[in-house]
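Shown next, in structure tokens, is the structure this report addresses.
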Amino acid sequence: MANNCPIGLFDSGIGGISIYNEIRKTLPKESTIYLADNLNAPYGKKSKKEIINLSIKNTQRLIDLNCKLIVVACNTATTNAVEILRDTFEIPIVGIEPSIKPAILATKTNHIGVLATEKTLSSNLFLETSNRFSDGVTIHEQIGYDLVSIIEESGIKEGLLIDKLRKYIDPMLEKNIDNLVLGCTHYYFLKDILEKLLPKGIKVLDSSSAVSKRVKQVLESNNNTSETLDTKNQFYCNGNESVIQNFLDKEKKVNKIIF
Ligand code: DGL
């Protein structure tokens, strides 16, 4: 039976818009509700306990808004809280993790780089995935210090970001990486700047299409897909709405609410 309830997504800010865009492409008949918890950004520096509490709060809000599936559109929230969310709520929950496995399968130099937040890189889930798949490949990890804060405050301004990115990328290039994994949904929007910094032939990987495919699979296997093209896509935040607004088409309006 068709289920026209929306898919709920949350992130600490604009990062999950990259997942939203991909879901719109893969599942054009689905409505969505996007929660940007930007009052509490960045998550990457918070304690695991805080990330869990914020993730529970966001998930509950999306459930209250009648969502049928939750996408944790944030690597930091997924790697620190997804197991607890699945234990706490009955609704299907799809998370996002850095694309380490595809990078490991693709590398020819046996060196890959991962750029992610502090709390993603220190999480057990990340550690387990890296250990499970590394198989002779060296994973060079780099925390993207300050990148999320800068993006949340100012959007994608090359002048504010390029020197920091160069500082994070150069040591990985010296280690001969040929695949760079973007392990934070905010970093998806840095691809154009990264293209200027990376030599040709270095592949940049993100997980947005893997997540949207997984959402499709889960909806189909639960007989929960929507059958209408009359979709509605709603955006909510609890902090400053102007930066998020810039990441959306003009006709989409971000509403500020308390959550
Ligand atoms: N988009 C979040 C992620 O994927 C950003 C985390 C943060 O707020 O620091 O990790």
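The values are calculated or read from the model by the stated rules, or taken from the named source; none is laboratory data. Predicted model, so just to flag it, every value in this text is computed and none were measured. Cβ atoms come from the backbone with ideal geometry, glycine included; neighbour counts cover every protein chain shown. Please note that ligands, DNA and RNA were not included when accessible areas were found on the heavy atoms of the full protein model with its side chains. Shrake-Rupley method; radii C 1.70, N 1.55, O 1.52, S 1.80 Å.
Structure notes:
- The C-beta contact set for the range 76-88 (first residue within 15 Å of Gly16 (Cβ to Cβ) and small (Gly, Ala, Ser), second residue assigned to a helix (DSSP H, G or I) and within 10 Å of the ligand (Cβ to nearest atom), distance under 7 angstrom, 6+ apart or interchain) comprises Ala77/Ile51; Ala81/Ile51.
- Selection status of Asp206, modelled with pLDDT of 95 or more and either of a type in the set (D, E, K, R) or more than 17 Å from Gly113 (Cα to Cα) (or both): yes
- Scanning the range 107-118 for residues that are surrounded by 24 or more Cβ atoms within 10 Å (Cβ to Cβ) and not in a loop (DSSP other than H, G, I, E, B) returns Ile112, Gly113, Val114, Leu115, Ala116.
- Qualifying residue in the range 158-181 (condition: within 16 Å of the ligand (Cβ to nearest atom), of a type in the set (Lys, Arg), farther than 15 Å from Ile14 by Cβ and touching a residue at least 40 places away in the same chain (Cβ under 8 Å)): no
- Counting only strands (runs of 3 or more DSSP E) that fall entirely inside the range 170-259 and contain at least 1 residues that are closer than 30 Å to Thr138 by Cα, the qualifying elements are 179-183, 203-205.
- Restricting Leu219, Leu173 to residues that are crowded, with 17+ Cβ neighbours inside 10 Å, over 18 Å from the mean Cα position of the chain (by Cα) and farther than 25 Å from Asn110 by Cα narrows the list to Leu219.
- Every condition in (1) open to solvent by 40 Å² or more (accessible area, probe 1.4 Å); (2) more than 30 Å from Asn110 (Cα to Cα) is met by Asp192 except one, and the failing one is (2).
- Lone unmet requirement of (1) within 14 Å of the chain's Cα centre (by Cα); (2) open to solvent by less than 10 Å² (accessible area, probe 1.4 Å) for Ser123: (1)
- Any pair with Cβ under 8 angstrom, 6 or more apart, that starts in the range 133-148 at a residue that is farther than 18 Å from Cys74 by Cβ and ends at one that is of a type in the set (Lys, Arg) and surrounded by fewer than 15 Cβ atoms within 10 Å (Cβ to Cβ): Thr138/Lys175; His140/Lys175
- Selected residue (criterion: nearest to Lys45 (Cα to Cα)) from residues of the range 140-170 that are touching a strand residue (DSSP E or B) at 6+ places or on another chain (Cβ under 6 Å) and open to solvent by less than 70 Å² (accessible area, probe 1.4 Å): Gly144
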